[in-house]
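The values are calculated or read from the model by the stated rules, or taken from the named source; none is laboratory data. Computed from a predicted structure; not experimentally measured. Quick reminder, even Gly has a Cβ in these numbers, built from the backbone with ideal geometry, and neighbours come from all protein chains shown. The accessibility values were calculated without ligands, DNA or RNA, using every heavy atom of the protein model including side chains. Shrake-Rupley method; radii C 1.70, N 1.55, O 1.52, S 1.80 Å.
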Amino acid sequence: MKSNASLSRSNALNKFLTYFFLIVGALVMVFPFVWMILTSSKTVPESMQIPPTIFPAQLMLDNFKDAIASLPFGRLYLNTALMVFFRVVCAIFFSSMAGYAFAKLKFRGKNILFCIVLVQMSLPSQIFIIPQYQMVAKMGLANTIFALVFPGLVSAFGVFFLRQTYLSIPDEVGEAAFLDGCNQWQTFYKIMFPLTGTSVAALTIFTAVFAYGDLMWPLVVNSDLKMMTLSSGLATLKGQFSTNFPVLMAGSLLAMLPMVILYLIFQRQFVEGIAGTGGK
């Protein structure tokens, strides 16, 4: 009886500590978003007051009007949506074929080429900005939607991600398709690719999140405000010497809403994609 009681107390303590740290971690992650929402409804003196005030004395909805008046949000939403869409399409199209080739096909230099993909993944993306900008500038395509999409035409992460998924599919599936009369291309798009639906959904969300939060490249390649994305457009709200923090937070809140909605819609696919790919 004593051992059972001791085990019960130990389990209860472990459960309490687990939930405690999870709640603390959740509060730490949620606090910046709550602070952003509260600051967006404050006046400028309230946002800079020390010690800081948590709740605004009066809701200032004019901050949202000022943010909308300061930036062409309609154009920024459109540019961001087009950039995310084309980067997702390119990532799925090229990464699925390259991942299948690296996982299932045998050809000379496959390991060397895949090592190059891994090297590209391990290097920081900032070192590619100058050569990528020079390529876009020489093509005369700066300040265009193509310039925003250009770094995402091929995704090294997507190639590695889908390669792992194709490796988890038994080779017997492809052999059975070959015996049924399918050639290599038909085996890929009729048999193999449909089996990666969950991972493709996860890659879609990963690519969309990375593209949506990309700040440096859109800020470098597109100097025209009407051709910027939400992240680079918001950067123009920050003054050199002083910043209207309530307006900046209001603009940030307007910019984050589409991605929050996207995550809520595809949350199940996101979790299943991570679990399915890591399960191997």
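Please specify each residue of the stretch 190-214 satisfying the condition of being modelled with pLDDT of 85 or more and not in a helix (DSSP H, G or I). Selection gives Asp214 alone.
Checking the stretch 49-64 against the condition returns a match, with at least one residue being in contact (Cβ under 8 Å) with a residue 12 or more places away in the chain, in a helix (DSSP H, G or I) and under 18 Å from Met249 (Cβ atoms). Within the stretch 82-97, the set of residues being touching a Phe, Trp or Tyr at 6+ places or on another chain (Cβ under 8 Å) and more than 13 Å from Ala156 (Cα to Cα) comprises just one member, Val84. When the residues of the stretch 163-197 are filtered to those that are under 17 Å from Ser96 (Cα atoms) and among the aromatic types (Phe, Trp, Tyr), the one that is surrounded by the fewest Cβ atoms within 10 Å (Cβ to Cβ) is Trp185. Taken together, Phe102, Phe86 contain a single residue that is closer than 25 Å to Ala202 by Cβ, open to solvent by less than 60 Å² (accessible area, probe 1.4 Å) and modelled with pLDDT of 85 or more, which is Phe102. Among the candidates Ile50, Ile116, Ile37, the residue that is surrounded by fewer than 17 Cβ atoms within 10 Å (Cβ to Cβ) and over 26 Å from the mean Cα position of the chain (by Cα) is uniquely Ile50. Here Ala103, Ala69 are screened, and the one residue that is more than 26 Å from Trp217 (Cβ to Cβ) and in contact (Cβ under 8 Å) with a residue 12 or more places away in the chain is Ala103. Residues that are farther than 19 Å from Val209 by Cβ and surrounded by fewer than 20 Cβ atoms within 10 Å (Cβ to Cβ) within the stretch 146-162 comprise just one, Phe146.
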